[in-house]
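K.L.:
Got a structure for you, written out below as structure tokens; questions coming shortly.
Coordinate-derived values only; no laboratory data. None of these values were measured; they are calculated from a predicted model. Backbone-built Cβ (ideal geometry, glycine too); neighbour counts: all protein chains shown.
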Amino acid sequence: MNYPLFFTYNGSIIGQGYVAEVSARGRLLASIEKDATWLYGVNPGAIAVEGENLEAAHVQFRETLKETFVDFAAEASSFEAFKERIEGFVNAVNADTEMEWQEAVAVVRAAKLAMMQLEKLDADSTHVCVTVVKKDLEELTPKDNFAATTDDALKQAA
Amino acid sequence: MSSSGVVEIGTIIEMLDECARGYTLRTTDHHHCIRFNGREFPTLPLGAHGKGRRSGRSEIKLGQVRQMIRQLGINMDCAKQHIPRLDY
């Protein structure tokens, strides 16, 4: 069974001489298999993770996303190059997975299916977005040490 | 067979050599990053046995290999000749 989801990510990444605040909303396809739950990226399309359940897969997804952003920061020669790399990554659509995501939206709408107790967002009017902002030292707070926030819960597309 | 089956990195490289001519692969601190066809897949895991690229023994899950093939626009029929379990 496939479920169409939205994710949000908010976190700080330390690069070469800068701190960046990354905020993103994208689309994931959750695939419930007998022995695991997979999350396949629609955008970003270049990611796939698994966990023993949805919560574990989501934790793995966030960890993989953060590691990828840290890799980008290590390779970028400037903040601008880092920003461009993240924007390109998040906006890159996996066309095959997007087709399955749209099919899953049609199924959950027709059957009025709900995945767990996830909040629902309209699949047609909710848009993918990504912002990367350079933070001044004066803006940093101890909260920047922790990426996960309650705002970053998965939501079901419907 | 499920998406959680594993493929050795050596087999993936053989597939890329045949099905994604001109690709590049480099290893970052956390992942393998493959570029092909003007697209990139920077999240291929280093695998259960660490980097392992030289030995070809590092193992990567089928679900991740299939997502990479789709994202990079690699011919799936060609890929299946090297990794038949992609038909899971």
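K.L.:
Per-residue mean of other chain beta-carbon atoms within 10 angstrom of the beta-carbon, peptide A:38-49?
P.N.:
6
K.L.:
Any idea how many Lys pairs in chain A come in under 20 angstrom at the alpha carbon, given 8 or more places apart or on separate chains?
P.N.:
12
K.L.:
May I pose another question? Looking at the stretch A:53-147, which trypsin sites (Lys or Arg not before Pro) are DSSP coil and have at most 15 other C-beta atoms within 10 Å of their C-beta?
P.N.:
A:112
K.L.:
Which part of the stretch A:27-61 falls in the paramagnetic zone of residue B:35, meaning amide N under 17 Å from the point 7 Å along Cα-to-beta-carbon?
P.N.:
A:46, by backbone N distance to the label point.
K.L.:
Here's another thing I want to ask about it. Give the list, by residue number, of cysteines in chain B with no other Cys Cβ closer than 4.7 Å, or say none.
P.N.:
Among the cysteines of chain B, those whose Cβ sits 4.7 Å or more from every other are B:33.
K.L.:
Could you check the simple spin-label distance between residue A:100 and residue A:16, using points 7 Å along Cα→Cβ, in nm with one decimal?
P.N.:
Output for this residue pair reads 3.7 nm.
K.L.:
Positive end of the charge dipole of chain A (Lys, Arg +1 and Asp, Glu -1 on Cβ, about the Cα centre): tell me which of A:140, A:8, A:156 has its Cα farthest that way.
P.N.:
About the Cα centre, the residue reaching furthest to the positive side is A:156.
K.L.:
First check a/c for the stretch A:74-158, with a ≥ b ≥ c the square roots of the eigenvalues of its C-alpha gyration tensor; if it is under 1.5, answer rounded, and if not, answer prolate when a/b is larger than b/c or oblate otherwise.
P.N.:
It is oblate, given that a/c is not under 1.5 and a/b is not larger than b/c.
K.L.:
Something else: Between the stretch A:6-28 and the stretch B:61-88, what is the separation of their alpha carbon centroids in Å?
P.N.:
The stretch A:6-28 and the stretch B:61-88 have Cα centres separated by 29 Å.
K.L.:
Using only the Cα atoms of the stretch A:1-80, each taken as one equal point scatterer with no solvent, compute I(q) by the Debye sum, divide by I(0), and report log10 of the ratio at q = 0.23, 0.24 Å⁻¹.
P.N.:
-1.04, -1.10
K.L.:
Assuming a ≥ b ≥ c are the square roots of the Cα gyration tensor eigenvalues, decide whether chain A counts as rounded (a/c under 1.5), prolate (otherwise, with a/b larger than b/c) or oblate.
P.N.:
In terms of gyration-tensor shape, prolate.
K.L.:
Report the charge-dipole magnitude of the stretch A:40-113 in Debye, nearest 20, computed about the Cα centre from +1 at each Lys and Arg Cβ and -1 at each Asp and Glu Cβ.
P.N.:
I would put it at about 300 debye.
K.L.:
Counting partner chain Cβ atoms within 10 Å of every residue's Cβ in A:22-33, what's the average?
P.N.:
Rounded to a whole number, the mean comes out at 1.
K.L.:
Let me ask you something else. About the Cα centre of chain B, what is the dipole size in debye to 20, counting +1 per Lys and Arg Cβ and -1 per Asp and Glu Cβ, all else neutral?
P.N.:
180 debye
K.L.:
If you put +1 on each Lys and Arg Cβ and -1 on each Asp and Glu Cβ, how big is the dipole of the stretch A:72-111 around its Cα centre, in Debye rounded to 20?
P.N.:
140 debye
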